[in-house]
Amino acid sequence: MAHDEIVDRYSGLARAAMSGEKAIDCGADEFDRGRFGTAAYDDISGLPDGALRASLGCGNPVAVAELRAGETVLDLGSGGGIDVLLSARRVGPYGKAYGLDASPDMIRLARQNAAGTPNAEFLLGTIEAIPLPDHALDVVISNCVINLSDDKGAVLAEVFRVLRPGGRMGISDIVTDEDVDAARRAAAEQRIGCAAGALSVTGYRDVLARSGFVGLTITLTADHGDGVHSAIVQAIKPAVTPGLEIRPMRESDAVQVLAIYQAGLDTGQASFETLAPSWEGFTASRLQRLRYVAADTETGEVVGWIAASPVSTRPVYAGVVEHSVYVHPGCQAHGIGRALLTAFIAAAEDAGVWTIQSGIFPENAASLSLHQALGFRVVGTRERIARHHGTWRDVLLVERRS
Ligand SMILES: C[S@@+](CC[C@H](N)C(=O)[O-])C[C@H]1O[C@@H](n2cnc3c(N)ncnc32)[C@H](O)[C@@H]1O
């Protein structure tokens with residue numbers, strides 16, 4: 001369904017709720033069976049009728065997100081506002097709960113429902129272009145909305161942008177099995193209404209990973225038949241020291257990434273290589289999905305990077321990668337390498353990697369202790385394996401198993 005049609009449809013449901021009717025956007029029996037609407041909530045006491053009548057979700061994201069007092073949270077596609085009101089209660093007077101919806105009538109309804117809740121605020125806009133600044137939020141929730149978007153990549157990139165480093169998302173949504181054909185999808189759409197654009201579980205994980213999220217979990221919570229399910233989707237934006245963020249590496253980072261690479265090689269302790277490759281060479285030998293940079297949140301300056309190459313093209317080694325991590329020499333000892341490596345390990349595990357390996361010069365004590373602190377162990381020494389600036393050097397082989 002096109003965006004304007006979606007907005008018209010939910011605007012109609014908002015007007016129905018405002019005139020005292022119950023809003024239902026799929027077969028009424030699905031609501032009666034407790035699959036959608038207010039059935040997922042333990043405690044809805046004290047919520048206004050207008051919010052309960054307009055509850056159109058497929059789960060309880062507020063419970064999933066484990067909100068804490070003082071946090072700032074955004075609900076994508078907030079509808080009549082039920083999850084914003086529950087969030088506002090959880091985050092308390094020093095926290096803030098935003099709702100965002102593209103339907104002006106839903107926003108009007110939600111603002112009515114939130115009268116007397118000063119820490120709830122509703123914004124008119126789309127989830128593909130969230131009208132909030134970078135790093136403004138601790139948590140993003142959503143209830144049965146992302147499946148409606150025809151640009152889920154944009155939505156999740158926006159969620160990544162507005163979360164602070166270390167922030168999290170916990171959402172309820174509709175997902176499909178991998179093999180759902182058009183006829184089954186259409187049958188499910190007919191019954192429950194939110195199946196037409198739903199991603200498969202693998203598709204969802206891919207979009208989350210491409211956006212930079214780690215620690216991905218997708219838990220199926222209800223089976224709607226025809227390979228379509230409600231699910232809880234959780235993910236984390238990697239944490240790093242204040243003022244920095246870890247995000248996927250982009251083409252536009254090339255010059256800075258290669259400069260940091262060269263600066264690391266110039267120390268003489270990073271690698272046998274003495275010259276950083278061209279960007280083409282760098283990019284061709286490294287996995288697209290497992291590349292991150294640490295960047296200044298104000299200036300965008302890249303201060304470190306991590307990336308991995310496959311160790312073999314043989315299928316049995318599909319889950320074995322070799323990584324490199326480099327931090328700008330002027331920014332070392334600030335925890336950046338640790339944050340990059342922590343995020344990388346989480347992303348590698350999300351991607352099904354079972355062994356991360358690397359070689360470290362024994363003289364590079366800082367790198368060795370960082371790797372050991374994050375679960376790498378030394379599995380051997382290659383003695384006098386090659387010459388570096390004319391000197392034979394040993395290499396410690398380190399690996400981390402998941
Ligand atoms: C299924 S209802 C869910 C409402 C609410 N989350 C709940 O649990 O009751 C979907 C909501 O998302 C809004 N919506 C759909 N697509 C949107 C978009 N691209 N941007 C912002 N809001 C959108 C609709 O207007 C509607 O209020």
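Going residue by residue through segment 155-176, is there one that turns out to be part of a loop (DSSP other than H, G, I, E, B) and either surrounded by 24 or more Cβ atoms within 10 Å (Cβ to Cβ) or touching a residue at least 12 places away in the same chain (Cβ under 8 Å) (or both)?
For segment 155-176, residues part of a loop (DSSP other than H, G, I, E, B) and either surrounded by 24 or more Cβ atoms within 10 Å (Cβ to Cβ) or touching a residue at least 12 places away in the same chain (Cβ under 8 Å) (or both): absent.
Which residue out of 343, 348, 386, 333 is of a type in the set (A, V, I, L, M) and part of a strand (DSSP E or B)?
Of 343, 348, 386, 333, the one residue that is of a type in the set (A, V, I, L, M) and part of a strand (DSSP E or B) is 386.
Exactly one of (1) under 22 Å from residue 221 (Cα atoms); (2) within 13 Å of the ligand (Cβ to nearest atom) is unmet by residue 65. Its number?
Condition not satisfied by residue 65: (2).
Hey, any hits in segment 105-120 for a residue that's within 13 Å of the ligand (Cβ to nearest atom) and within 17 Å of the chain's Cα centre (by Cα)?
Taking every residue of segment 105-120 in turn, none turns out to be within 13 Å of the ligand (Cβ to nearest atom) and within 17 Å of the chain's Cα centre (by Cα).
Does residue 291 qualify as being buried (at least 17 other Cβ atoms within 10 Å of the Cβ), of a type in the set (D, E, K, R) and modelled with pLDDT of 95 or more?
yes
Write out, first by first residue and then by second, each pair whose Cβ atoms fall under 7 Å of each other, whose residues are 6+ apart or on separate chains, and whose first residue, in segment 117-145, is assigned by TED's automatic domain parsing to the domain that holds residue 105 while the second is hydroxyl-bearing (Ser, Thr, Tyr) and within 9 Å of the ligand (Cβ to nearest atom).
Cβ pairs passing all conditions: 122/78; 127/149; 128/149; 143/172; 144/172.
Looking only at residues that are more than 13 Å from the ligand (Cβ to nearest atom) and assigned to a loop (DSSP other than H, G, I, E, B) in segment 45-62, which one is surrounded by the most Cβ atoms within 10 Å (Cβ to Cβ)?
48
Can you list residue pairs whose Cβ atoms sit under 7 Å apart, with the first residue in segment 7-22 being in the same structural domain as residue 125 (by TED's automatic domain parsing) and the second being part of a loop (DSSP other than H, G, I, E, B) and among the polar types (S, T, N, Q)? Count only pairs 6 or more apart in sequence or on different chains.
7/103; 10/103; 11/103; 14/103
The values are calculated or read from the model by the stated rules, or taken from the named source; none is laboratory data. Bear in mind the structure is a predicted one, so any value in this text is a computation, not a measurement. So basically every Cβ, Gly included, is an ideal-geometry build from the backbone, and we count neighbours across all protein chains shown.
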